[in-house]
């Protein structure tokens, strides 16, 4: 079933990698068990900063998941053949990323055993409810599409016709998951940092930059460790997608900066001041956010010059810059910045604790494990031909 | 036709999915049906007379009364505080009402803050399980600590910072247990309930009763002859962040 047997066999390097991931997962599980008994007090979160790394990571990886649409859309809608070999990798990456998102939300729950209350008492006016629906649906769609496509590839038959409308459905669905995630924040009165109509477009832009950047890096890793060739054209095209998305993302951030710093409305200004300049002598977040801004400069330079973008040595560097820059922006600053200063103007410093960071690393490891297994199966099916 | 084990597993999986889908659809239908229509008869609210409240500096009788009545744990760590009513310097409560050369009344004065029991509460809108809801008959924003999943979306949604989360087991940190009121478990959100348990017995809120200056005036805002409504007609009052459209039920007479 699901060709899982292909994931059990592998070379030495494969086994060592999987063992390392298992070690990280185990460490994460142990820390989570501690969180279960002692409560979320073992994290760095507080009454003022009541969401932290967990929800920030969730937000970031929803973007990675949604970005699968950047390979699905050209391949299925425009019949762009060069993406033929990597489309399924994008879909499987989405499956892994959505799983991570769900786990990040789960570990953030104060009462995890009650999490199904969301389905027992469906609440259509809550964006959290819609996030459950859209994430669950997206996971189902992508898992189904990948299994059907992979099976067709193994049997060397064309995929069944009924899958096409499901693939088409997955395209707007991908947009919806990140839009709903942005709405989680941008619909809250009193959090001026998030209260911007540009949040959802910005989320999508940063997703379509960071996700394909990750996919490029994964393809290059697969070339090294598994001899998988994604094809030069596909990689170059992905590079162009990352470039456009990153440019749009930087543009949207500049638009935010202008609006806030030119209008100088204190309520809007103080969050940006905390995030980028520090407030009341607290500069904890500012260096990270500056790093995020500064990384986007060489990233854009490398991406915008065609010779550099197409260089096999510089493109991965640009992708790393893009990924780290956007991870800091969305996976760290966005959530903490929205909560600081508090409604009473207090600056409460949020520093993730070790157990909290270990749980995050554990969830990453689960994501990496799932993606490795899927990619292993996919490549084994292809090697068989 | 022969059904293989694989087919059987697949079919039963599909069947389960179908049943789950039906239940979800039914739930949505029920929820949207029950949200329609309101017949508010009362709207409990409070007026806080700052001229009386600030007469005695450092007074915390209302806070203590609430803490005792509701088994509120006392944690020394500010990050993990649980509080229903507490004092906050005036300028942090109303940061934008006195700027530049305006006369600084009440500067530095601690004034009591609590859940505003908004007429349009954002916390209720965002809660994914309806563990917090506005009671239609009297406007109190309620909490069900047995249904709350601890996602803290309501804390993010509250523009007033009125909600607390139990980051750890609160029970060891309760000074004197009041057997008439439930304690909470770790991992749920809580906040001021306007003493609905006392209102049900015909009593006023504990903080109101504890205030010797009679600075807290509680009553029904739906009744135009009630004491708080009469005070609001005669004196200038502030609400916290009225521009957000939440319509708080706590007014501060200045």
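The values are calculated or read from the model by the stated rules, or taken from the named source; none is laboratory data. Small disclaimer: the values here were computed from a predicted structure and weren't measured. All Cβ positions, even for glycine, are placed from backbone atoms using ideal geometry, and neighbour counts span all protein chains on display.
See the values below:
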{"item": "Positions within the range A:264-287 being more than 14 Å from every other protein chain (Cβ to nearest Cβ) and loosely packed, with under 15 Cβ neighbours inside 10 Å, in sequence order", "result": "A:277, A:281, A:282, A:283, A:284, A:287"}
{"item": "The one condition in (1) closer than 26 Å to residue A:114 by Cα; (2) within 13 Å of chain A (Cβ to nearest Cβ) that residue B:70 fails to fulfil", "result": "(2)"}
{"item": "In the range A:98-124, the residues that are more than 9 Å from every other protein chain (Cβ to nearest Cβ), touching a residue at least 24 places away in the same chain (Cβ under 8 Å) and under 15 Å from residue A:359 (Cα atoms)", "result": "A:99, A:100, A:101, A:102, A:103, A:104, A:107"}
{"item": "Positions within the range B:204-220 being more than 25 Å from residue B:131 (Cα to Cα), out of contact with any helix residue (DSSP H, G or I) (no Cβ under 6 Å at 6 or more places or on another chain) and in a loop (DSSP other than H, G, I, E, B), in sequence order", "result": "B:212, B:214"}
{"item": "Residue satisfying condition, being more than 14 Å from every other protein chain (Cβ to nearest Cβ), under 30 Å from residue B:152 (Cβ atoms) and without any contact (Cβ under 8 Å) to a residue 40 or more places away in the chain, within set A:205, A:209, A:197", "result": "A:197"}
{"item": "Residue A:329 being touching a residue at least 12 places away in the same chain (Cβ under 8 Å) and within 30 Å of residue A:107 (Cα to Cα)", "result": "yes"}
{"item": "Helices (runs of 4 or more DSSP H) contained in the range A:1-91 and holding at least 2 residues within 13 Å of another protein chain (Cβ to nearest Cβ) and touching a helix residue (DSSP H, G or I) at 6+ places or on another chain (Cβ under 7 Å)", "result": "A:12-38, A:53-66"}
{"item": "Number of the exception - residue B:235 against (1) surrounded by fewer than 22 Cβ atoms within 10 Å (Cβ to Cβ); (2) more than 9 Å from chain A (Cβ to nearest Cβ); (3) closer than 24 Å to residue A:35 by Cα", "result": "(3)"}
{"item": "Residue A:166 within 14 Å of chain B (Cβ to nearest Cβ), free of Cβ contacts under 8 Å to residues at least 60 places away in the same chain and surrounded by fewer than 18 Cβ atoms within 10 Å (Cβ to Cβ)", "result": "no"}
{"item": "Residues being within 22 Å of the chain's Cα centre (by Cα), modelled with pLDDT under 95 and surrounded by fewer than 18 Cβ atoms within 10 Å (Cβ to Cβ) - total across the range A:86-119", "result": "0"}
{"item": "Selection status of residue B:171, in contact (Cβ under 8 Å) with a residue 12 or more places away in the chain, more than 7 Å from chain A (Cβ to nearest Cβ), touching a strand residue (DSSP E or B) at 6+ places or on another chain (Cβ under 7 Å) and more than 25 Å from residue B:244 (Cβ to Cβ)", "result": "no"}
{"item": "Hits in the range B:124-138 (condition: over 16 Å from residue A:120 (Cβ atoms) and over 11 Å from the mean Cα position of the chain (by Cα))", "result": "B:125, B:126, B:135, B:136, B:137, B:138"}
{"item": "In the range B:93-106, the residues that are within 14 Å of chain A (Cβ to nearest Cβ) and either loosely packed, with under 13 Cβ neighbours inside 10 Å or in contact with a strand residue (DSSP E or B) (Cβ under 7 Å, 6 or more places away or on another chain) (or both)", "result": "B:93, B:94, B:96, B:97, B:99, B:100"}
{"item": "Lone unmet requirement of (1) within 26 Å of residue B:158 (Cβ to Cβ); (2) away from chain A (no Cβ under 14 Å) for residue B:213", "result": "(1)"}
{"item": "Index of the failed condition, residue B:226 passing every other in (1) free of Cβ contacts under 8 Å to residues at least 12 places away in the same chain; (2) closer than 25 Å to residue A:338 by Cβ", "result": "(2)"}
{"item": "Filtered residue count, the range B:143-165, keeping only those that are in a loop (DSSP other than H, G, I, E, B) and more than 7 Å from chain A (Cβ to nearest Cβ)", "result": "6"}
{"item": "Qualifying residue in the range A:185-193 (condition: within 14 Å of chain B (Cβ to nearest Cβ), within 19 Å of the chain's Cα centre (by Cα), under 22 Å from residue B:129 (Cα atoms) and surrounded by 17 or more Cβ atoms within 10 Å (Cβ to Cβ))", "result": "yes"}
{"item": "Output for the range B:80-91, where each listed residue is at the interface with chain A (Cβ under 9 Å from one of its Cβ atoms) and within 19 Å of the chain's Cα centre (by Cα)", "result": "B:80, B:81, B:82, B:83, B:88"}
{"item": "Pick from the range A:281-311, criterion touching a residue at least 12 places away in the same chain (Cβ under 8 Å) and outside any helix (DSSP H, G or I), ranking: farthest from the chain's Cα centre (by Cα)", "result": "A:282"}
{"item": "Test: residue in the range A:250-263 that is surrounded by fewer than 20 Cβ atoms within 10 Å (Cβ to Cβ), on the phi > 0 side of the Ramachandran plot and touching a helix residue (DSSP H, G or I) at 6+ places or on another chain (Cβ under 8 Å)", "result": "no"}
{"item": "Filtered residues of the range B:229-238 (kept if within 22 Å of the chain's Cα centre (by Cα) and free of Cβ contacts under 8 Å to residues at least 60 places away in the same chain)", "result": "B:229"}
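For every residue, the table says whether it meets (1) surrounded by 17 or more Cβ atoms within 10 Å (Cβ to Cβ); (2) touching a residue at least 12 places away in the same chain (Cβ under 8 Å); (3) within 23 Å of residue B:186 (Cβ to Cβ).
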| site | (1), (2), (3) |
| --- | --- |
| B:58 | no, yes, no |
| B:62 | yes, yes, no |
| B:70 | yes, yes, yes |
| B:84 | yes, yes, yes |
| B:89 | no, yes, no |
| B:129 | yes, yes, yes |
